[in-house]
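Novice: First the structure, which I've put down as structure tokens, then a few questions once you've had a look.
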Amino acid sequence: MGRKSKVLVIRFSSIGDIVLTTPVVRCLKMLSGSQMEVHFATKKAFKDLLVSNPYIDKLHLLDGKLSDFTRQLRAENFDHIIDLHHNTRTAMIKWALRKPATSFNKLNVEKWLLVNLKINRLPQLHIVDRYFEAVSKLGVINDGEGLDFFLSGDVEADEFLLPPSIGEKYIAFAIGGQHTTKRLPNEKIISVIKKLPLPVVLLGGNDDVVNSAIISAQCGDRIFDCCGKLSIQQSALLVKKSAVVVTHDTGLMHIAAAFDKPIVSVWGNTVTGFGMYPYMPKFSERSQIVEVNNLKCRPCSKIGFSKCPKSHFDCMVKIDEGEIVRSVNRMLG
């Protein structure tokens, strides 16, 4: 038998973006069956997102000099490169490997027009479908099965117990956001939690610990604060076990979508027109978007800011708290 064909998929950040590449990885592997090795290159920090993915034959983790990393990749002698990040770093890797490559179109001009001139020329496509455009010439077709997230065996068997005050049925609230303008102010989060019909588990990273402590102090035993205490795999387990997930535009939102959980997502300075809303092709009714429409200043960025550039922060301050609660109640059915 001859050597198997090798394909390298590249995506270096972030949690959400990497989870959004998983349909391409799955469909690429299923198309080729056992005739292709699918490799994935990402940062070491994101290993837990992909280490248990059965559709990936080998992970390549960047943790040091790019030149050393590129040398390791060159030794694999790939047949094709699929660049789902498309930045300067990935351009350097493709140049060094000198193999046929296809790249994801980031549509930066269209995003600039929407952010700066409020002219929307973005295609009405989710970013997952745009990822598939990058592999269409290889014959890879979207199977419509949505996102993947695979828990490790150790985490699946984890007997991590929530306190009795939380019980077995709870709402997971991902309180973070990569930037301040992507998250509700603490006082609004507190107000929403006090109106929710079930206990709440707060999820977030180390950057959310200060805010979670403020929220916890105001909400008593209705909530259990896990921010900064869990790995991404452990947080994903609590998302999987939850009844409903309330979240900002975060990586945990996309992990929730991978588990087909009912999601109420709250949007601030970013908009769903960028194509990053929960991707749930089989269960779209389980995703509810809450946002302030018709703000002339929105979107003010394709990513976010540490504070509102207009100082009023209307995209979050004017969010209807009642709509968040009503959406949760509808999801609980």
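Novice: Given the pairs LYS47/LYS111; LYS169/LYS261; LYS29/LYS282; LYS29/LYS58; LYS65/LYS302, which span a C-alpha to C-alpha distance of over 24 angstrom in this model? Show your work: numbers first, answer last.
Specialist: Working: LYS47/LYS111 29 Å; LYS169/LYS261 13 Å; LYS29/LYS282 21 Å; LYS29/LYS58 12 Å; LYS65/LYS302 29 Å.
With Cα atoms farther than 24 Å apart: LYS47/LYS111; LYS65/LYS302.
Novice: Mind checking the angle between helix 66-75 and the chain's longest principal axis? C-alpha axes, 0 to 90 degrees, to the nearest 10.
Specialist: Once rounded, the angle reads 50 degrees.
Novice: HN-Hα J couplings of segment 201-206 from phi, Karplus 6.51/-1.76/1.60, θ = phi - 60°, integer Hz, Gly and Pro as x?
Specialist: Once θ is set to phi - 60°, the couplings for segment 201-206 become 10, 7, 10, x, x, 4 Hz.
Novice: Sort the following peptides by mean Cβ neighbour count (other Cβ atoms within 10 Å, averaged over residues), highest first: 221-227, 61-67, 5-11. Walk me through the numbers before you get to the answer.
Specialist: Values: 221-227: 18.9, 61-67: 12.4, 5-11: 22.7.
Ranking, from highest mean packing down: 5-11, 221-227, 61-67.
Novice: Using a basic spin-label model with each label point 7 Å from the Cα along Cα→Cβ, how many nm lie between VAL209 and MET30?
Specialist: It is 4.1 nm.
Novice: Related question: Would you work out the charge dipole size for the chain about its Cα centre, treating the Cβ of every Lys and Arg as +1 and the Cβ of every Asp and Glu as -1, and quote it to the nearest 20 debye?
Specialist: Numbers: 44 positive and 33 negative charges, 228 e Å.
Charge dipole of the chain: 1100 debye, to the nearest 20.
Novice: May I ask for the angle, rounded to the nearest 10°, between helix 186-195 and the longest principal axis of the chain, with both axes built from Cα atoms and the value confined to 0 to 90°?
Specialist: Compared with the principal axis, the helix lies near 70 degrees.
Novice: Shifting gears a bit: Once both axes come from the Cα atoms, what is the angle between helix 88-97 and the longest principal axis of the chain, in degrees from 0 to 90, rounded to 10?
Specialist: Here the helix axis deviates by roughly 20 degrees.
Novice: Can you tell me the relative contact order of segment 65-174? Whole percent, Cα pairs under 8 Å, sequence separation 6 or more.
Specialist: On the way: 62 pairs, mean separation 20.4, N = 110.
Relative contact order comes out at 19 percent.
Novice: Given ASN329, GLY167, GLN234, which one lies farthest toward the positive end of the charge dipole of segment 158-332, if we put +1 on the Cβ of every Lys and Arg and -1 on the Cβ of every Asp and Glu?
Specialist: ASN329
Novice: For the pair ASN116/LYS296, report the inter-label distance in nm, with labels modelled 7 Å from Cα in the Cβ direction.
Specialist: Distance between the two pseudo-spin positions: 2.0 nm.
Novice: Rounded, prolate or oblate: which one fits the chain, using the alpha carbon gyration tensor with axes a ≥ b ≥ c (rounded when a/c is under 1.5, else prolate when a/b beats b/c, else oblate)?
Specialist: Numbers: a/c = 1.96, a/b = 1.47, b/c = 1.33.
Judged from the Cα gyration tensor, the chain comes out prolate (a/c at least 1.5, a/b above b/c).
Novice: While we're looking at this one, here's another question. Among rounded, prolate and oblate, which fits segment 26-137 when a ≥ b ≥ c are the square roots of the eigenvalues of its C-alpha gyration tensor, a/c under 1.5 means rounded, and a/b larger than b/c means prolate? Each step should come with its number before you reach the end.
Specialist: Numbers: a/c = 1.92, a/b = 1.49, b/c = 1.29.
Taking the square roots of the gyration eigenvalues as a ≥ b ≥ c, segment 26-137 is prolate.
Novice: Something else about it: Report the relative contact order of segment 158-332, percent, no decimals, based on alpha-carbon pairs under 8 angstrom and at least 6 residues apart. Can you show the working numbers first?
Specialist: Details: 318 pairs, mean separation 45.3, N = 175.
Across segment 158-332, relative contact order equals 26 percent.
Novice: Using a ≥ b ≥ c from the Cα gyration tensor of segment 179-333 (square roots of the eigenvalues), is it rounded, prolate or oblate, where a/c under 1.5 gives rounded and otherwise the larger of a/b and b/c decides, a/b for prolate? Working shown, then result.
Specialist: Values: a/c = 1.40, a/b = 1.15, b/c = 1.22.
Judged from the Cα gyration tensor, segment 179-333 comes out rounded (a/c under 1.5).
Novice: I'd like to know which of VAL290, PRO100, VAL246 lies farthest towards the positive end of the charge dipole of the chain, counting +1 on Cβ of Lys and Arg and -1 on Cβ of Asp and Glu.
Specialist: Going by the Cα projections, it comes out as PRO100.
Novice: Could I ask something else about it? With +1 on the Cβ of every Lys and Arg and -1 on the Cβ of every Asp and Glu, and nothing else charged, how large is the dipole of segment 207-305 about its Cα centre, in debye rounded to the nearest 20? Mind dumping the intermediate values first?
Specialist: Values: 10 positive and 8 negative charges, 44 e Å.
With Lys and Arg at +1 and Asp and Glu at -1, about 220 debye.
Novice: When the chain is fully extended, how far beyond the present Cα-Cα distance does SER103 get from LEU162, taking 0.36 nm per residue of separation? Write down the numbers at each step before the final one.
Specialist: On the way: separation 59, 0.36 × 59 = 21.24 nm, distance 4.36 nm.
Length difference between fully extended and current span is 16.9 nm.
Novice: How would you rank TYR55, TYR131, going from fewest to most other Cβ atoms within 10 Å of each one's own Cβ?
Specialist: TYR55, TYR131
Novice: Right, something else. In whole Å, what is the distance between the alpha-carbon centres of segment 20-78 and segment 204-235?
Specialist: Taking the Cα centre of segment 204-235 as reference, the centre of segment 20-78 is 32 Å away.
Novice: Something else now. Counting only other residues whose beta carbon sits under 13 Å from that of LYS29, what net charge do I get with K and R as +1, D and E as -1?
Specialist: Values: positive: LYS4, LYS6, ARG26, LYS58; negative: GLU37, ASP57, ASP143, GLU145, ASP148.
Local charge sum for LYS29: -1.
Novice: While we're on this one: Can you sort LEU332, LEU147, LEU198 by how many other beta carbons sit within 10 Å, fewest first?
Specialist: On the way: LEU332 14, LEU147 23, LEU198 17.
If I rank by nearby Cβ atoms, fewest first, I get LEU332, LEU198, LEU147.
Novice: Arranged from highest to lowest average of other beta-carbon atoms within 10 Å per residue, in what order do the peptides 278-291, 251-264 appear? Please report the intermediate quantities before stating the final value.
Specialist: Working: 278-291: 17.3, 251-264: 25.2.
Answer by packing, highest mean first, reads 251-264, 278-291.
Novice: What order, most packed first, do the peptides 212-218, 117-123 have when packing is the mean number of other Cβ atoms within 10 Å of each residue?
Specialist: Details: 212-218: 16.6, 117-123: 11.9.
The densest-packed peptide leads the list: 212-218, 117-123.
Novice: Here's another thing I want to ask about it. Relative contact order (percent) for the chain, with alpha-carbon contacts under 8 angstrom and 6 or more residues of separation?
Specialist: Working: 614 pairs, mean separation 58.3, N = 333.
Worked out over the chain, it gives 17 percent.
No lab work stands behind these numbers, since they all come straight from the coordinates. Predicted, not measured: the structure shown is a model, and the values here were computed from it. In this analysis, Cβ positions are derived from the backbone assuming ideal geometry, glycine residues included, and neighbour counts consider all displayed protein chains.
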